[in-house]
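Enquirer: What follows is a structure written as structure tokens; I'll ask about it next.
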Amino acid sequence: MGKDIYMRFGDVLAIRPRVTLLDGVSLSIQASWAHYCLPRTTGATQYTHVEVGFIEDAEGNLLPLVELFEDYAEYSGHWDEELDEYVQDKFDGIYAYLPVELLVQFIEQHGGFGADELLQISDGKEIDG
């Protein structure tokens, strides 16, 4: 991604670093005014839903659709003239408005994460569980 900071209308958006779980799976967990999260604001003390994306295995290969998150998957697609409708045909690697409870379940299935990752996610603030 190059830079970790994006600017839009004078607002600064910090992109959080990837989180690596104990089994080597890594993922992006984001929440701000510009992400698919609730509340859709930057710096909330607690989020009920977050944006998760680009889940990779320990070798860095993008994982296919995660069944647990299937209902929250974002797809790209195209307008099919013949069908006269928009057809979703490719998973984009992003899960929108993912309930935190499902994210916690996924993290637990992959062995959890270390204390360093917790600090990286929370910026040193306590996370409401």
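Enquirer: At q = 0.12, 0.13 Å⁻¹, what is the base-10 log of I(q)/I(0) for the stretch 5-116 according to the Debye formula with one equal point scatterer per Cα and no solvent? Please give it to two decimals.
Expert: Listed by q, the Debye log ratios stand at -0.49, -0.57.
Enquirer: What is the spin-label model distance, in nm, from residue 90 to residue 57 if the labels are put 7 Å beyond Cα along the C-beta direction?
Expert: Taking the simple label geometry, residue 90 and residue 57 are separated by 2.2 nm.
Each reported figure results from applying straightforward, stated rules to the coordinates on display, with no laboratory input. Keep in mind it's a predicted model, so treat the numbers as computed, not measured. Every residue, glycine as well, gets a Cβ built from its backbone with ideal geometry; the counts of neighbours run over all protein chains shown.
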